[in-house]
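The values are calculated or read from the model by the stated rules, or taken from the named source; none is laboratory data. Since the model is a prediction, treat every value here as computed from it, not as a measurement. We place every Cβ from the backbone using ideal geometry, glycine too, and count neighbours over all the protein chains shown.
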Amino acid sequence: MSQQLPDISFFHQLANAASKETLSRYRADDLSVESKPKAGFRFDPVTAADRAAETVMRALIGQHFPEHAIMGEEFGTSGGGPLTWVLDPIDGTRPYLCGLPVWGTLIGLLENERAVMGMMSQPYTGERFWSDGKQSWASSIHGHQLLQTRKNLSLDQAILHTTAPKPAGMHEEIQFAQLAEQTLMTRYGGECYAMAMLAAGRIDICVEFSLQPYDIVAMIPLIEQAGGVVTTLEGQRAEKGGAVVASGCPKLHQQVLDRLNGQY
């Protein structure tokens, strides 16, 4: 039997708590930075802000929903049951370190291993993007809006995004260069913000080569409930991460998968 999902107001409560930790350290001269082991990368940063933000979110979830499981980037998985919170306290630690506001706090919710609600909070710009289980929304100082992905676009008019060019060279079996040649333009460096812009109809395709669940769970319902599609390279559900493709509409998505897999 499906459990009642938390109200979206609790996602905002979690984001507010995380923001106090991340903003107080953002663009600070004394930010403590360490590097975590990651295959293929010399430097994979983690900061005190990452750990502090996840700690306060875990505490709130434990207080309000002690029966729920939690999966977080910094402190692993705890608990069990049909509902699991998936937390990335700072998605985009590199831009966070550089003072670039394309990082965000990701808060996702799995029900029986399927992503059903999610939020991306960017506290420095004051923007939030979320899915409430039915629709996707954004809010900022400029107002509140319903999100819709862009539809009925030909591949040669589509905007393509990936976070960095290096992973494309590490995964030569994925035909990213061929896809890039057939799209209108390719942009880099947007991190989770690019996925939010896909949900908002500003970017049409996002390709990421090696994601963890906490990188993508929050973004799946945000994009799907705005009308988009998120799958693995094989066209399967993407909650477990790996090579992930997001597109604004199903027709475009299949074209993208075909090209990335060399089937065209």
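Evaluate the following for residue 145: is it under 17 Å from residue 204 (Cβ atoms) and surrounded by fewer than 20 Cβ atoms within 10 Å (Cβ to Cβ)?
Working: under 17 Å from residue 204 (Cβ atoms): no; surrounded by fewer than 20 Cβ atoms within 10 Å (Cβ to Cβ): yes.
No, not satisfied.
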Report task. Only residues in region 170-186 that are at negative phi count as the first member; pair them with residues that are aromatic (Phe, Trp, Tyr) and not in a helix (DSSP H, G or I), Cβ under 6 angstrom, at least 6 apart or cross-chain, and list the lot. Result -> 171/209
Requested in this report: Being under 20 Å from residue 10 (Cα atoms) and over 13 Å from the mean Cα position of the chain (by Cα) is the filter; apply it to region 81-108 and report the residue that is surrounded by the fewest Cβ atoms within 10 Å (Cβ to Cβ).
Outcome: 81
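I want to confirm something. Restricting to region 109-122 and keeping residues that are assigned to a strand (DSSP E or B) and surrounded by fewer than 17 Cβ atoms within 10 Å (Cβ to Cβ), which single residue is farthest from the chain's Cα centre (by Cα)?
Within region 109-122, the first condition is being assigned to a strand (DSSP E or B), and the residues that meet it are 109-111, 114-122.
Okay, now just the ones that are also surrounded by fewer than 17 Cβ atoms within 10 Å (Cβ to Cβ), so 111, 114.
Values: 111: 17, 114: 15 Å.
The residue in question is 111.
Could you say whether any residue in region 241-249 is on the phi > 0 side of the Ramachandran plot and surrounded by 14 or more Cβ atoms within 10 Å (Cβ to Cβ)? Can you show your working first?
The first filter runs over region 241-249 and keeps only residues on the phi > 0 side of the Ramachandran plot, leaving 241-242.
Retained after the next criterion (residues that are surrounded by 14 or more Cβ atoms within 10 Å (Cβ to Cβ)): 241-242.
Yes, some residue in region 241-249 is on the phi > 0 side of the Ramachandran plot and surrounded by 14 or more Cβ atoms within 10 Å (Cβ to Cβ).
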**Report entry** Enumeration of residues in region 125-150 that are of a type in the set (Lys, Arg) and either part of a strand (DSSP E or B) or at pLDDT below 95 (or both)
**Finding:** 128
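Against the definition (on the phi > 0 side of the Ramachandran plot and in contact (Cβ under 8 Å) with a residue 60 or more places away in the chain), how does residue 99 come out, yes or no? Show your work before the answer.
Values: on the phi > 0 side of the Ramachandran plot: yes; in contact (Cβ under 8 Å) with a residue 60 or more places away in the chain: yes.
Spelling it out, residue 99 is indeed on the phi > 0 side of the Ramachandran plot and in contact (Cβ under 8 Å) with a residue 60 or more places away in the chain.
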Report task. Could you please give the count of residues in region 44-74 that are in contact with a helix residue (DSSP H, G or I) (Cβ under 9 Å, 6 or more places away or on another chain) and under 20 Å from residue 113 (Cβ atoms)? Result -> 7
Report summary line: The condition from (1) within 17 Å of the chain's Cα centre (by Cα); (2) closer than 23 Å to residue 261 by Cα that residue 199 misses is numbered (2)
